[in-house]
Structures are given as structure tokens and as C-alpha cells.
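Student: The following block contains the structure, expressed as C-alpha cells.
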Amino acid sequence: MDLSSNLPLFFFIIAFLSPFGIPLGATFVIIAAGSVSGTIEQFFFNITLIFFGLVAGDIAAYSTASYFEKAFSEKLQKNEKLEKKYEIAKDLINKYGALGIFLSRFVLLGSGAPLNYISGFSKYSFKKFFAYSALGEFLYVSIYAYIGFVFKDSWISLFDLIIEFPYILLLILLTAFAFYQMKRYL
């Protein structure tokens with residue numbers, strides 16, 4: 001049995017499950033999919049398959065949350081602190097949802113799954129959710145698979161750099177904020 005013949009199914013399954021918040025290393029898999037693509041046709045096949053898996057997973061996570069919204073709300077009513085935090089999250093998703101959903105797909109890696117659930121629980125517009133999610137997922141798959149395709153020999157080193165980028169950015173922002181606060185108080 002040829003292992004490479006099962007790779008597309010593996011790519012699709014990982015892509016479908018990752019929007020549920022299951023830590024399966026989707027970014028790693030997307031870069032690897034680009035790296036193992038021998039031809040440009042295989043590359044486009046892999047990214048198309050992964051893209052549809054991610055979008056289907058986003059829709060499934062949103063729909064699951066939307067379906068269980070009533071039971072979730074009833075549980076939250078028993079805890080006043082959590083209910084207040086949930087209301088704040090609902091307000092934020094209604095105010096900044098489109099941008100958050102879009103950026104969570106390819107910049108703020110790891111925040112897509114919580115936003116899928118919050119969008120579903122808060123009954124955020126499915127059309128908006130779908131449009132911004134699909135656009136973000138398209139960029140996510142295209143960018144990271146292309147990195148794997150172009151840098152076939154050194155993609156693991158690039159993966160480490162990509163994973164560390166949000167932390168570096170956060171550190172820079174926190175440093176700037178600390179300097180601002182220090183300047184303000186001095």
C-alpha cells in the first residue's frame with residue numbers, strides 16, 4: 001500500500017478537524033502538503049482539498065455551536081461571571097467579528113476555533129461568517145502551502161519561524177505599550 005496515495009485524505013481530515021480546536025498541527029500539515037507536492041498540479045490539488053476541508057470544518061463548528069446555543073446559554077445563566085464574559089464576547093463578535101474571523105484564519109493562528117464557537121453561540125450572521133472565514137482560509141492555505149512548495153528543503157525551519165512570529169509580534173507590542181505607560185507616568 002502506497003502511503004503517498006493516502007496523503008490527500010490525511011490532509012482533508014486534518015483540515016476538517018482543526019477548526020474544532022483539536023490540536024493537530026494544521027499549519028505544519030499545510031506547509032508539509034506544499035512541500036510534498038511534486039508538480040504544480042499536485043500543489044493546486046492539495047491546497048484545494050485542504051481549503052475545502054478547512055471551510056467545511058469551520059461551517060461544522062459554527063453549526064454545532066449554533067445548535068447547542070440554547071443549552072450553552074442555560075448553563076451560563078448558572079454562573080454570573082461566565083455569563084458576563086459571554087455577553088462581552090458576543091458584543092465583541094458583533095462589533096469586530098468580520099475582522100476577527102478573517103485574521104484568525106492566517107495571522108492569529110489558534111484563535112479560529114474559539115471564534116467559530118463564539119460566532120455560532122452568538123448567532124453571528126452565517127453569510128458574514130462564511131465569507132470572511134472562507135477568504136481567510138484561502139489566504140491561510142495559499143500562503144503556508146506556497147512556503148512549503150518553494151522552500152521544500154528547509155520548510156521545517158520556516159515552520160518554526162512562522163510559529164514564533166505571533167509571539168515575537170506580541171512581545172514587540174507589549175514592549176511598546178510598556179514604554180508608552182512609562183512615558184505617560186514619568
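No lab work stands behind these numbers, since they all come straight from the coordinates. It should be emphasised that the depicted structure is a prediction, and the values quoted were computed from it without experimental measurement. Positions of Cβ are backbone-derived with ideal geometry, glycine not excepted, and every protein chain shown enters the neighbour counts.
Student: With a Förster radius of 22 Å, plug the Cβ-Cβ distance of Leu99 and Ile168 into 1/(1 + (r/R0)^6) and report the FRET value to the nearest 0.05.
Tutor: Once the sixth-power term is evaluated, E becomes 0.55.
Student: Turning to a different aspect of this structure: Pairs to check: Lys90/Lys183; Lys95/Lys152; Lys75/Lys95; Lys84/Lys127. Give those whose C-alpha atoms are more than 31 Å from each other in this structure.
Tutor: In this structure, Lys90/Lys183; Lys95/Lys152 lie more than 31 Å apart at Cα.
Student: Please identify the DSSP H helices in the chain that span no less than 18 Å along the helix axis (Cα) and have a mean Kyte-Doolittle hydropathy of -1.0 or more.
Tutor: Taking the DSSP H segments of the chain (at least 18 Å long, mean hydropathy at least -1.0), we get 40-67, 80-106, 126-150, 155-185.
Student: Taking the inverse of the average 1/r across all pairs of different Cα atoms in the stretch 1-112, what Kirkwood radius in Å do you get?
Tutor: Mean inverse Cα-Cα distance, inverted, gives 16.0 Å.
Student: Right, here's the next one. Work out the charge dipole of the stretch 3-152 with +1 on the Cβ of Lys and Arg and -1 on the Cβ of Asp and Glu about the Cα centre, then indicate which of Pro19, Ser35, Asn116 is farthest towards its positive end.
Tutor: Asn116
Student: Hey, another quick one. With the contact rule set at Cα under 8 Å and sequence spacing of 6 or more, what percent relative contact order holds for the chain?
Tutor: 30 percent
Student: By how many nm would the segment from Ala178 to Glu41 grow when fully extended, if each residue of separation counts as 0.36 nm and the alpha-carbon distance is taken off?
Tutor: Length difference between fully extended and current span is 44.4 nm.
Student: Starting with the highest mean, order 145-152, 94-101 by the number of other Cβ atoms within 10 Å, averaged over the residues of each peptide.
Tutor: Top of the packing list down: 145-152, 94-101.
Student: Now for a separate question. At 222 nm, what helix-only mean residue ellipticity would the chain give, in deg cm²/dmol to the nearest 500, using -39500 (n - 2.57) for each DSSP H run of four or more?
Tutor: Helix-only estimate at 222 nm: -27500 deg cm²/dmol.
Student: Something else now. Peptides 173-179, 104-110, 117-123: what's the order by average Cβ count within 10 Å, highest mean first?
Tutor: 117-123, 104-110, 173-179
Student: Next question, about the same structure. Peptides 33-40, 77-84, 21-28: what's the order by average Cβ count within 10 Å, highest mean first?
Tutor: Final packing ranking: 33-40, 21-28, 77-84.
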